[in-house]
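Chemist: This is the structure I want to talk about, given as structure tokens.
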Amino acid sequence: MGKIRLDKYISNETLYSRSEIRKMIFKGQCSVNGITVCQPDFKVEENDSICLDGQAVHFQKYVYIAMNKPKGVLSASEDKSCKTVVDLLPEKYSKRNIFPAGRLDKDSTGLVLLTDDGEFAHRITSPKHHIEKSYIVTLDADVTEEVIDGFKKGVTLYDGSECKPAVCQKLDDNKARVILTQGKYHQIKRMFGVYNIGVNDLHRERMGNYTLPDSLSEGDFVEITPENLIDS
Ligand code: URA
């Protein structure tokens, strides 16, 4: 991050306004590496240990969040009429420019990764990286061998576009696990559509090496470290 002003550093990491922070600094309520600092423009850097009003203020360059998206919520940053995954985050994230890395349909549930790290988002969504995404789908008809074979070979959608080979594992008569390495618009629904099968429910359980924990209810989220999410 290089050197930045003390008041800006604290403002980035807390919900206090710049003027509240300046007042607290002037009052002697802030220390840098154990020494009280009363100048808001004092320059600090990533490894400095900063305390405000007795509380440590930790520097976090980027955040990475795994959310279990509920039905009816858009995987977008903002929308005029519909609640988004970013709207579900608490206020402490409001100063960060957080967005979902990849899309999940409004009526789908499950794993959405949110971050303010553009480079990471690009890596996990770029078709070049072939990140696996695994879904549990409930269908309005039985899973047939024709579907399983067709997915394995690569489905040609009604618009003529060809999908990469995908895994379709039958879990129950009308329930399957589908694993994709790409992300076309409504891809799974359109792939089953070729076989005249409708998708009643679609839940994303995994992206790369990260599986949504069972303990995370719809609308809940957890901060994660992204290191092992994708094999480099
Ligand atoms: N495929 C779909 O059709 N919908 C999703 O939300 C994800 C994959």
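Chemist: Which of the following residues is away from the ligand (no atom under 16 Å from the Cβ), in a loop (DSSP other than H, G, I, E, B), farther than 23 Å from residue 127 by Cβ and open to solvent by less than 60 Å² (accessible area, probe 1.4 Å): 213, 226?
Modeler: Selected residue: 213, the only one of 213, 226 that is away from the ligand (no atom under 16 Å from the Cβ), in a loop (DSSP other than H, G, I, E, B), farther than 23 Å from residue 127 by Cβ and open to solvent by less than 60 Å² (accessible area, probe 1.4 Å).
Chemist: Would you confirm whether or not segment 181-201 contains a residue that is under 22 Å from residue 121 (Cα atoms), at pLDDT 95 or above, within 12 Å of the ligand (Cβ to nearest atom) and touching a Ser or Thr at 6+ places or on another chain (Cβ under 6 Å)?
Modeler: No, there is no match, as no residue in segment 181-201 is under 22 Å from residue 121 (Cα atoms), at pLDDT 95 or above, within 12 Å of the ligand (Cβ to nearest atom) and touching a Ser or Thr at 6+ places or on another chain (Cβ under 6 Å).
Chemist: Please find, within segment 92-107, the residue that is nearest to residue 74 (Cα to Cα) out of those that are open to solvent by 30 Å² or more (accessible area, probe 1.4 Å) and within 14 Å of the ligand (Cβ to nearest atom).
Modeler: That would be 106.
Chemist: Output yes when any residue across segment 132-148 is part of a strand (DSSP E or B), over 30 Å from residue 1 (Cα atoms), within 11 Å of the ligand (Cβ to nearest atom) and among the aliphatic types (A, V, I, L, M), and no when none is.
Modeler: Yes, segment 132-148 contains at least one residue that is part of a strand (DSSP E or B), over 30 Å from residue 1 (Cα atoms), within 11 Å of the ligand (Cβ to nearest atom) and among the aliphatic types (A, V, I, L, M).
Chemist: Only residues that are of a type in the set (D, E, K, R) and either in a strand (DSSP E or B) or surrounded by 15 or more Cβ atoms within 10 Å (Cβ to Cβ) (or both): list them for segment 168-210, please.
Modeler: Within segment 168-210, 170, 172, 175, 177, 184, 189, 190, 201, 204, 205, 206 meet the criteria.
Chemist: Can you name every residue in segment 47-58 that is open to solvent by 80 Å² or more (accessible area, probe 1.4 Å) and touching a strand residue (DSSP E or B) at 6+ places or on another chain (Cβ under 9 Å)?
Modeler: If the condition is that a residue be open to solvent by 80 Å² or more (accessible area, probe 1.4 Å) and touching a strand residue (DSSP E or B) at 6+ places or on another chain (Cβ under 9 Å), then 53, 58 are the ones that fit.
Condition check ((1) touching a strand residue (DSSP E or B) at 6+ places or on another chain (Cβ under 7 Å); (2) within 16 Å of the ligand (Cβ to nearest atom); (3) farther than 21 Å from residue 187 by Cβ; (4) hydrophobic (A, V, I, L, M, F, W, C)) across all residues:
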position: 20; (1), (2), (3), (4): no, no, yes, no
position: 24; (1), (2), (3), (4): yes, no, yes, yes
position: 37; (1), (2), (3), (4): yes, no, yes, yes
position: 41; (1), (2), (3), (4): yes, no, yes, no
position: 60; (1), (2), (3), (4): no, no, yes, no
position: 69; (1), (2), (3), (4): yes, yes, no, no
position: 72; (1), (2), (3), (4): no, yes, no, no
position: 90; (1), (2), (3), (4): no, no, yes, no
position: 109; (1), (2), (3), (4): yes, yes, no, no
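Chemist: Six or more apart or on different chains, Cβ atoms under 8 Å: show the pairs whose first residue is in segment 182-198 and closer than 17 Å to residue 101 by Cβ and touching a residue at least 60 places away in the same chain (Cβ under 8 Å) and whose second is of a type outside the set (Asp, Glu) and part of a loop (DSSP other than H, G, I, E, B).
Modeler: Taking only residues 6 or more apart or on different chains, the pairs are 183/102; 183/103.
Chemist: Count, please, the residues in segment 150-167 that happen to be over 11 Å from residue 195 (Cβ atoms) and in a helix (DSSP H, G or I).
Modeler: Matching residues across segment 150-167 total 2.
The values are calculated or read from the model by the stated rules, or taken from the named source; none is laboratory data. None of these values were measured; they are calculated from a predicted model. No Cβ is skipped: glycine too gets one built from the backbone with ideal geometry, and neighbour counts run over all protein chains shown. Surface areas here come from the heavy atoms of the whole protein model, side chains and all, with no ligands, DNA or RNA. Shrake-Rupley method; radii C 1.70, N 1.55, O 1.52, S 1.80 Å.
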